[in-house]
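A.B. asks: Take this structure, written in C-alpha cells, and hold onto it; I'll ask about it next.
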2 protein chains.
Amino acid sequence: MTQPFIDQLRAIVGAPHVLTEGDLTAWEQDWRRRSRGKALAVVRPGNTAEVAAVVKACAANGTALVPQGGNTGLAVGSIPDATGTQVLLSLTRLNAVRSVDTDNLTMTVEAGCILQNLQEAAEKAGLLFPLSLAAEGSCTIGGNLATNAGGTQVVRYGNTRDLCLGLEVVTPHGEVWDGLKGLRKDNTGYDLRDLFIGSEGTLGIITAATMKLYPQPAASLTAWAAVPSMAHAVQLLALAHKHLGAGLTGFEVMGRFALSLVAKHMPQLRVPFIDQDDVPYGVLLENSDSESEEHARARFEALLETAFDAGCVQDAVVAENIAQAHQLWHIRENIPLAQAEEGLNIKHDISVQIPRIPAFVEYADALLQREIPGVRLVNFGHLGDGNLHYNVQAPADGDPKAFLREQEDRVNHLVYEAVAQFGGSFSAEHGVGELKVDKLQKYQSPVALSMMRAIKGALDPQGLMNPGRVLPAV
Amino acid sequence: MTQPFIDQLRAIVGAPHVLTEGDLTAWEQDWRRRSRGKALAVVRPGNTAEVAAVVKACAANGTALVPQGGNTGLAVGSIPDATGTQVLLSLTRLNAVRSVDTDNLTMTVEAGCILQNLQEAAEKAGLLFPLSLAAEGSCTIGGNLATNAGGTQVVRYGNTRDLCLGLEVVTPHGEVWDGLKGLRKDNTGYDLRDLFIGSEGTLGIITAATMKLYPQPAASLTAWAAVPSMAHAVQLLALAHKHLGAGLTGFEVMGRFALSLVAKHMPQLRVPFIDQDDVPYGVLLENSDSESEEHARARFEALLETAFDAGCVQDAVVAENIAQAHQLWHIRENIPLAQAEEGLNIKHDISVQIPRIPAFVEYADALLQREIPGVRLVNFGHLGDGNLHYNVQAPADGDPKAFLREQEDRVNHLVYEAVAQFGGSFSAEHGVGELKVDKLQKYQSPVALSMMRAIKGALDPQGLMNPGRVLPAV
C-alpha cells in the first residue's frame, strides 16, 4: 500500500536519497537519546523544488512530515513518532551558501548549512555572523531558525529571529514562498517571517534564509569575574551595559557547583578562583570593540575597577590573548559535558526578567533542597538575557536512574511553578518540541493558545506538518 | 436601529467618550487630508477592559472597528470609511506609562502614549528609548507598533518591531491577550507579538506594550558630509559601519533638489554646502558613543579623514554643540514641509538593497525625466536602511493640481515597477493602509498573500477589524 508512495518519493529526490532500511538511528533518535521513533522513510531532497514536490506528495497522500536539520534539538522536535507512518524530511543536502553580500551585510543560505560553516563563510568575507551556540559544529541554520535558537551573543545581537531578514519557505500545500529580498525595511503585510521562525516545522518547511552580517570587531576581549552573589552579578551586568554599550557581546553566569564539576572532570581546564571558597559565582564577560585591542582593554579595565569599587566583583582576570579567552569560554561550554560525566540530571531552560533572577534562584534553590534532600543544583546560563539553564543533578549518593524515574516530573513541576510565579518562561531558547507540549498547554495564556491553534488550522488544515509538536495533534 | 447599540457603547465607556455629533474631523480625516470618512461613532475607551467590552459589543452587533492612535499615518489606515457604519476606536485615553524598569531595561506603556512622552519618560529614568520619527510629537506608540514604524535610528536600533518585547492585545473576539512578560528570550509557541506588529489593526487591537530601553550614550555627535554621488554615499555608509560599529546611530541622505527647497523656503536653516554647485548629495551622520564626547569626536574625525582619502566625501562639518546638531537634523526633518511649501507632490516610501540604491536612483531619475518632462525629484531618506522617500514634485511651471490628477497613477506605476525590478519594496516603513492595498495585491508574492488571507480569516472570521486595510475587504 505504501510502496507506490515510496516510489513516488524516490522519483522526486532520487532513489539513493529515500532511506527505508538499515540503521536510521541518526535520524530517528533525538540528540539527548530520550526518545526513538520510526520513520516511514528518511527523505533527503537536494533543493527547494524537491522539498516542494515531497510536501505536495505527502499532502496528497495524507502523510505527515517531520523536518530535520542537524537533529541537535533538546526538546524532541525533529524525530518521527513511533508509528512508522511519518516521512522524516532531512534538509542537510540543502547546504549551499547562495550568496554573501558584503555591501548589503547579508548572506543567503540554505536551511541545511551547518552553523559553524556559516560563521566561517562570514569570516572569510571579513564579516561576522554572530549566532553562536554549543551545537554549532553540527546544528543547521534551518533548525536554528525553526527553534529561534539563542546562544551566547544574544545580549548584543539578539536571538536567531533578530538575525534574519527573510525566509524561503515551502508551505503545507507544497508552494514555495520566496521572502528573500534582503531588505532592512519592508512593511508590506503580515510578518510571515517571524511566524515561521520558532514554529518548529509545524507551519511549513524553511528551505533558505537571508541572514544579517556585522562588521568584525577590531578586538574581542574576555574577562572572568568572581562575584559574591547572583544579585552582584546582575549589578555587574548593569554596569557592563553602561560602560561598554554595544561592546558587551557576552555575559554568562556560572554557579560554583557547575564550575566544580568542570574542575573535577576536566582538571586541565583550570577554572579561575575555584579554590577560593568564598566565590559562589563566576561571570564570563566579552567586550567587542570596533576600535582596537588597546581601547577594548582600557574600557574593560575601567568597568572592572568600577565594579570592584561597587563591591560586585571580588576578583577578576582579563584574558591576555585569544588562547586564554578560548580557554575561559571552554570552561563555560563544558559545563553540560561535565554534568553528563557526573551522571544523570534534569535540564531546564528557563527565563525570568533579569532583575528578578536573584530572588528566583534563592527561592527555587531553597524549595528544591527542602523538597528533595541532597539534590544538587547546576545553575549557569546567559544572564545577559535572563536565561538560566537551571539543571538539577541527582544526589551524590543513591541511584541516579531511580532519581530520574521517580523525581523528574516532580522536579519539573517545582521548577516550572516557581518560574511561573516569577513571571518567567519554561522555555527560553530550546523551544517546545514534543517534550514540553503539556507545559505549553499549562503555562501559556489560553487566549494565545487559541490564536495559535487558529493559525495552525489556517495554514496547515490537514495537520501534516510535524504533528504533535508545539501544539497537541488534533 | 443603531441607537440601542450606541447606548451600549455609552454604557461601556461613559457617555462623554462616545462622540456622534459635532466636528469629528480630527478622527475622520487622514493626516495628509487625502481622504475623509464618516464614523458611526468615535469611541474613546479609558482602559483595556473597556476596549475589550467595546470589541465584544461590536462583534455581537456585526459592527466594524477602526482603531486609531495619533492619526498621523501616511497610508490612510486609521480613519473610518464613508459609510457611517464603522466605530472609530480612539486609543488616546490609554496613555499611562505603566512602569519603567531601569534594571530590566524596559518600559510597559499603553497604546495611546505619545512617542515623545515615552522618549522623555525614558530620559527621566536615565535611559534611551530610541524610536524617533517626524510625527513623534503626536503619533502614539500603538500606531507605531501597528505600522511597525521606522524613523531615523533604525540603522542601529531597528524598526519598532525590534524595540518591542511583548504586547497586550484585545482579540477580534474581545478577549485580552496579556503578552507583557518583558522577557528577552521566550520560545513558547508561535510569535504572536510580531504577527500583530505591522498588522495595522486588522487582526486585533494593541492596547499596551513592553518596549526595550537602552543606556543613554555618553555623547552623541552629528556630522554633515558633502558627497559627490549616491554611490559615494553608499561607500561612506560602509566605512561608517566599519569605523563606528554600533556607534553609528543615524545615516540620512538628501539630494540637492530636496535641500534647495529647504534653502528656498526656510533660509534661516542655513543648509551646508548648498552654494557649492558640485555637491549633489548631503549626508547626515550621527555617532553615539558610550565613552565620552572627546572619544566620539576622535572616532568621527578618523572616519571622515578616511572617507576624504577614499574620495567619497568632498567636504564635511561636525556639529560643535547640541544646538548645531539640532540645526542639522532640523534641515533633514523640514524637507517634507519645504516640499509642501513648494506645492503638491507625489510621495513614495520605498526600499531596495543598499548596494543597489545608486543604480536604482540613476534608473528611476532618468525614467521619470524622460517620461514626464520637467518633473522634479525630491530624493531623501534613511540610506542606512535602504529606505528612500523618493518623492516627485510637479514641474515648476504649469498647474500642480492638474499634474497630480493626471500623472499620479502613472508616476506611481513607473516608480513601483522600477522598485520591483530592483527587488525592492513599495512600502518600507509607512505600511499599506487603504492607500496601497492594490499595490500589495500586485507586488506581494501570491503565496504570501494567500497565507495572509488565511491568517486574517482565522483570527478575524467576521472581518470586522479595520476592514479593507492591508488586505481587500472580503
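The values are calculated or read from the model by the stated rules, or taken from the named source; none is laboratory data. These numbers were taken from a predicted model, which means no experiment stands behind them. Cβ sites come from the backbone with ideal geometry, for glycine too, and all protein chains shown count toward neighbours.
A.B. asks: Being within 30 Å of B:Ala394 (Cβ to Cβ) and either outside any helix (DSSP H, G or I) or within 12 Å of chain A (Cβ to nearest Cβ) (or both) is the filter here; which residues of the range B:250-265 pass it? Can you show your working first?
C.D. replies: Just the residues of the range B:250-265 that are within 30 Å of B:Ala394 (Cβ to Cβ), to begin with: B:251-265.
Listed by number, the residues that qualify are B:Phe251, B:Glu252, B:Val253, B:Met254, B:Gly255.
A.B. asks: Still on this structure, I have one more. For the range B:146-249, please list each of the strands (runs of 3 or more DSSP E) lying entirely inside it that holds at least 3 residues being facing chain A (nearest Cβ under 8 Å) and touching a strand residue (DSSP E or B) at 6+ places or on another chain (Cβ under 9 Å). Write out each step before concluding.
C.D. replies: Details: elements: B:164-170, B:176-179, B:205-212, B:219-227.
Fully inside the range B:146-249 and qualifying: B:176-179.
A.B. asks: Filter the range A:391-431 for residues that are of a type in the set (Ser, Thr, Tyr) and farther than 19 Å from A:Arg34 by Cα and give the result. Spell out the reasoning first.
C.D. replies: So in the range A:391-431, the residues of a type in the set (Ser, Thr, Tyr) come out as A:416, A:425, A:427.
Of everything in the range A:391-431, those that are of a type in the set (Ser, Thr, Tyr) and farther than 19 Å from A:Arg34 by Cα turn out to be A:Tyr416, A:Ser425.
A.B. asks: What are the residues in the range B:397-427 that are in contact with a strand residue (DSSP E or B) (Cβ under 7 Å, 6 or more places away or on another chain) and either small (Gly, Ala, Ser) or within 13 Å of chain A (Cβ to nearest Cβ) (or both), if any?
C.D. replies: B:Val419, B:Gly424, B:Ser425, B:Phe426, B:Ser427
A.B. asks: Pairs under 7 Å by beta carbon, first residue surrounded by fewer than 24 Cβ atoms within 10 Å (Cβ to Cβ) in the range B:448-469, partner at pLDDT below 95, six or more apart or different chains?
C.D. replies: Correct list of pairs: B:Gly463/B:Ala473; B:Gly463/B:Val474; B:Pro467/B:Ala473.
A.B. asks: Something else: Name, by its number, the condition in (1) within 14 Å of another protein chain (Cβ to nearest Cβ); (2) surrounded by 18 or more Cβ atoms within 10 Å (Cβ to Cβ); (3) polar (S, T, N, Q) that does not hold for B:Ser99.
C.D. replies: (2)
A.B. asks: Restricting to the range A:32-46, count the residues that are in contact (Cβ under 8 Å) with a residue 60 or more places away in the chain and in contact with a Ser or Thr (Cβ under 9 Å, 6 or more places away or on another chain).
C.D. replies: 0
A.B. asks: While we're on this one: Within the range A:428-450, is even one residue away from every other protein chain (no Cβ under 14 Å) and more than 24 Å from A:Asp81 (Cβ to Cβ)?
C.D. replies: No.
A.B. asks: Still on this model: Please go through the range A:405-422 and pick out each residue that is within 26 Å of the chain's Cα centre (by Cα) and either acidic (Asp, Glu) or modelled with pLDDT under 90 (or both).
C.D. replies: A:Glu408, A:Asp409, A:Glu417
A.B. asks: May I ask you to say which residue of A:Ala135, A:Ala111 is under 25 Å from A:Val55 (Cβ atoms), more than 11 Å from chain B (Cβ to nearest Cβ) and either in contact (Cβ under 8 Å) with a residue 24 or more places away in the chain or in contact with an Asp or Glu (Cβ under 8 Å, 6 or more places away or on another chain) (or both)? Give the steps one after another, and end with the answer.
C.D. replies: On the way: A:Ala135 fails: under 25 Å from A:Val55 (Cβ atoms).
So the residue among A:Ala135, A:Ala111 that is under 25 Å from A:Val55 (Cβ atoms), more than 11 Å from chain B (Cβ to nearest Cβ) and either in contact (Cβ under 8 Å) with a residue 24 or more places away in the chain or in contact with an Asp or Glu (Cβ under 8 Å, 6 or more places away or on another chain) (or both) is A:Ala111.
A.B. asks: Check off (1) polar (S, T, N, Q); (2) under 24 Å from A:Thr72 (Cα atoms); (3) more than 22 Å from the chain's Cα centre (by Cα) for A:Asn391 and give me the number that stays unchecked.
C.D. replies: Unmet condition: (3).
A.B. asks: Right, next: Considering (1) within 14 Å of chain B (Cβ to nearest Cβ); (2) buried (at least 17 other Cβ atoms within 10 Å of the Cβ); (3) not hydroxyl-bearing (Ser, Thr, Tyr), say which one A:Ala302 fails and leave the rest.
C.D. replies: For A:Ala302, the failing item is (2).
A.B. asks: For the range A:226-266: of the residues being farther than 30 Å from A:Ala340 by Cβ and not hydrophobic (A, V, I, L, M, F, W, C), which is surrounded by the fewest Cβ atoms within 10 Å (Cβ to Cβ)?
C.D. replies: Per the stated criteria, the residue is A:Lys242.
A.B. asks: Now for a separate question. Mind listing whichever residues of the range B:13-27 are crowded, with 21+ Cβ neighbours inside 10 Å and within 28 Å of B:His430 (Cβ to Cβ)?
C.D. replies: B:Trp27
A.B. asks: While we're here: Which one of the conditions (1) closer than 30 Å to B:Leu127 by Cβ; (2) surrounded by fewer than 22 Cβ atoms within 10 Å (Cβ to Cβ) does B:Arg34 fail to meet, given that it meets all the rest?
C.D. replies: (1)
A.B. asks: Within the range B:114-132, how many residues turn out to be surrounded by 24 or more Cβ atoms within 10 Å (Cβ to Cβ) and in contact with an Asp or Glu (Cβ under 7 Å, 6 or more places away or on another chain)?
C.D. replies: 1
A.B. asks: Continuing with this model, one more query. Please enumerate the residues belonging to the range B:271-289 that are in contact (Cβ under 8 Å) with a residue 60 or more places away in the chain and outside any strand (DSSP E or B).
C.D. replies: Taking the range B:271-289 as the starting set, the residues that turn out to be in contact (Cβ under 8 Å) with a residue 60 or more places away in the chain are B:271, B:283-289.
Scanning the range B:271-289 gives a single hit, B:Val271.
A.B. asks: Against the condition assigned to a loop (DSSP other than H, G, I, E, B) and in contact with a Leu (Cβ under 9 Å, 6 or more places away or on another chain), how does A:Leu131 come out, does it pass?
C.D. replies: On the way: assigned to a loop (DSSP other than H, G, I, E, B): yes; in contact with a Leu (Cβ under 9 Å, 6 or more places away or on another chain): yes.
So A:Leu131 passes the test.
A.B. asks: Taking A:Gln268 as the residue in question, decide whether it is away from chain B (no Cβ under 14 Å) and part of a helix (DSSP H, G or I).
C.D. replies: On the way: away from chain B (no Cβ under 14 Å): yes; part of a helix (DSSP H, G or I): yes.
So A:Gln268 passes the test.
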